[in-house]
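Here it is: the structure, laid out below.
Bear in mind that the values in this text are calculations on the coordinates, not laboratory data. Bear in mind that the values here come from a model prediction, so they are computed numbers and not experimental data. Heads up, the Cβs are rebuilt from the backbone with ideal geometry, glycines too, and the neighbour counts pull from every protein chain shown.
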Amino acid sequence: MRQGDLSLTVSQRRLACVLDPALALGQPLGPTLALRLTQVLEPWLTRSFWQVIDASDLLRRRAEQGDASCARHMPDDTALSAWIALRDGTDAGSWPLRWVGDNLPESQMKDAADAGVVERCELLTGALVDRAAVADAELMAWSEGLDPVLGAMDTLALSASLDGAMVLSLLPDDGVGDPWPVQALARAGLHAQRLEPMPERTLFAAERQLLRDALVSAGLAAMAESLPRLAVVHAVVDDDASPQGDPWDGARAWWYLV
């Protein structure tokens, strides 16, 4: 047999990681972080992320006109410009990140999840919004910028749709308060257990070390130090819950600092 007649490729599924919009859009280094993470993880973007991107012209125009509400929730301009440039310069099928859109054709999953994730994410987002008693006007928050708490509800629903995939978020810029997804859970009457100190004999401890190693492997150690403290949140719902009931009843959530 000549050399080259036999080819063997080994492919290993990477760990799914949902990027909170407050990290991807709220920080100037968000886009660079997201793209670097594709080397070591399987990053997912949320529908609320794309709503802000699609409304970028409107947001900038309103901010320039002195709209105080829009200016208060305006995403970081450096991050927004970088994401827009990436969207405009990349073929949809070539995107290295995954996301769930309004329907299957508007989603980018490839072989990373089954088609049922789209419907499941829609159901979980709606149920979480109902629990949080979000007003109709608030549901249009994307038209006024990036509301980190409301955006995190979409993040949590995607995490739960992906069997409790890790959410990579961060503490508020002032370092005071819980990560945005934890605040979103609290608004919906749900509690997230903080793993502090981290129990050594749990898989969460192994996951945190794996994530730390992944960040280092992707050359993100220095960048992470330039951001507010990173945090991971997990949200898991009961798959056996009644279709007519609230899927978030009995949900469990955990979070820890990276």
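Quick one: VAL237 ticks every box in (1) more than 20 Å from MET153 (Cα to Cα); (2) touching a Pro at 6+ places or on another chain (Cβ under 7 Å) bar one, so which box is it?
It fails just one condition, (1).
Hey, another quick one. Determine the pairs where a residue that is in contact (Cβ under 8 Å) with a residue 24 or more places away in the chain, located within the stretch 203-232, has a partner that is loosely packed, with under 12 Cβ neighbours inside 10 Å and part of a helix (DSSP H, G or I) with Cβ atoms under 7 Å apart, the partner being 6 or more residues away or on another chain.
What qualifies is LEU215/ALA221.
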